[in-house]
Amino acid sequence: MNVIGGKPLFGDKHATDISLSKCKFSNILVDNKGIFVDNFVGQTNVTINSCSFIDVEDALIGGVVQGLNQNGNLLVVGSSFKSCHNTKQINKDISNQKYHTEIISGDAKFEDDIFKECISLSYGGAISFISNGKLVLDDCKFMSCSAQTKGGAVYVLGSGEHNFKGLKFEDCAVSDLYSAEGGSIYLESGTSYIKDSTILNSKAEIKTQSETESSQSSSSKGGAIFIHDWQTYSYIKEVKIDNSEAGFGGAVYISSSADVGRMKITDVKFRNNVANIGGGGAVYAKDATLIYIGDAHFASNEAAGPYQGKDVHFGDLGISSDNLKLEKLQRDVISDSRSNTSEPRICIENYLCPSWIEDELNLPVWAIITISLVVTSLVVTAIIIIIACLLRRRSKVKVNDNKLQGETNNQQYTVGVSSQYMQGPQQIQAYPNIYPNQTIAISPQNAGQINQNIQQSYRFSAPPSTPIPSSLPPQNQNLIYNPPPPNVQDLQEQDKDNLLE
């Protein structure tokens, strides 16, 4: 299907809302005839839900709908774009750059979308957002997208808020004869947040036949991300960048012409990134006042030349070298980061290459698994031993309690007063008895005749081991037989047994 250039399939200047749901567009070409027309859909909100675009030209900038329009909002959810391409080129000789949507104030949100093999002849292979509004990219995938000059997958220009989260870029690239910036992402101005994202195999490259000519008259910057003139509080967090390449800043290139504070790069991983012309295999910053790196992990990054930082490179110190304190500068620039990249890991152009990144302890996978298994087995063994000791201790306590209860029962008896001798209330007392399991009734009124009044009622499970005394104590003493004092040696032996338990 051919569409007349500059006229979208849906919407006109009178439209207020456009909604496309569960639609499929394929093989739609724009018949430009060399003329591009500004065709804004005024005040329009566009919603695209669960739609498919295959081999469509200028899908969001006139081919299907004019997505980025004046004061309107664009929402694209659960949709896919495959082999879509933007044919509108930037003509640097035209001041208004009519081939691109001008800076406007609309917002755009892309959620759970897939962009595959999307190409642009200018900026942004998949998405070109030129607006002072808010841009949100959430849980989107960009695969094999490419563009000329800036932003292999995403190009953003505007002073609004740019929130990127849960994104994955793979095999994206930007290329040109003279300048290539941002293999996957190009950001200029605004407050930008990039979080929880992965960028793999991204490139910013110069297309020339001579490598010498490329290094002298052209430059490629930011193999994965290029950021220029951000606003305060911008950050890159929880991002992983692997196998990216550019002339300067194999993974990230950062520059600024304004004093807006440091761009924070925290909890990031850079691995196998290459700066093939200058420094900064992972990160290149124009000077040391622009960034702060914390809790970063670097591995096997490379840079060109002996005095080029393989992990981080600064084009300038950024402050006066008079009375410079390197310890303070280090705290301001980087902390809690590790690397297994060979030195020099950090360099400041024409100044020094300090050792500010500690060595990363890298163990092979088999060693990590072995250590984990050993630690786990030790912990489990310790828990089993503790439980066994507690159970054994508990069983011993029960046995000792039963033994003590049995001994107490064997020493109990009843002492009373014979009813035939009772003349009034008498106090009855119980005392330990060396004669187990017997009841003795004693009449205190007639102690002289005690031998004739003893009532013995034996309840033996076995005969008593201690003989009954043949006589009673004298009358002037306690009428109840007192047991002999405890044996001191026996008590000492019992104390030793308790101590051992």
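The values are calculated or read from the model by the stated rules, or taken from the named source; none is laboratory data. In this text the structure is predicted, and so the values were computed from the model without any measurement. When we count neighbours, we look across all protein chains shown, and the Cβ atoms used for this are built from the backbone with ideal geometry, even at glycine. Heavy atoms of the whole protein, side chains included, go into the accessibility calculation; ligands, DNA and RNA do not. Shrake-Rupley method; radii C 1.70, N 1.55, O 1.52, S 1.80 Å.
Provide the packing ranking of 247-258, 383-394, i.e. peptides ordered by the mean count of other C-beta atoms within 10 Å per residue, highest first.
On the way: 247-258: 25.6, 383-394: 9.9.
The most tightly packed comes first, giving 247-258, 383-394.
Highest mean first, how do 272-282, 225-235 rank when packing is the count of other Cβ atoms within 10 Å averaged over residues?
On the way: 272-282: 27.3, 225-235: 20.3.
By packing density, highest mean first, the sequence is 272-282, 225-235.
Hey, can you find the accessible area per residue of segment 311-389 for me, probe 1.4 Å, expressed in square angstrom? Before the final figure, lay out the partial values.
Values: 5240 Å² over 79 residues.
With all protein chains present, segment 311-389 gives 66 Å² per residue.
With 28 Å as the limit, write out which pairs from 134/328; 264/325; 237/286 have Cα-Cα distances beyond it, or answer none.
Numbers: 134/328 37 Å; 264/325 21 Å; 237/286 20 Å.
In this structure, 134/328 exceed 28 Å between Cα atoms.
Counting pairs of Cα atoms in segment 189-314, how many percent are more than 18 Å apart?
Working: 3763 of 7875 pairs.
Within segment 189-314, distances greater than 18 Å cover 48 percent of Cα pairs.
In whole percent, how big is the carbon plus sulfur part of the accessible area of segment 302-399, probe 1.4 Å, protein atoms only? Please list the in-between numbers first.
Working: 4200 of 6800 Å².
Accessible surface attributable to carbon and sulfur in segment 302-399 totals 62 percent.
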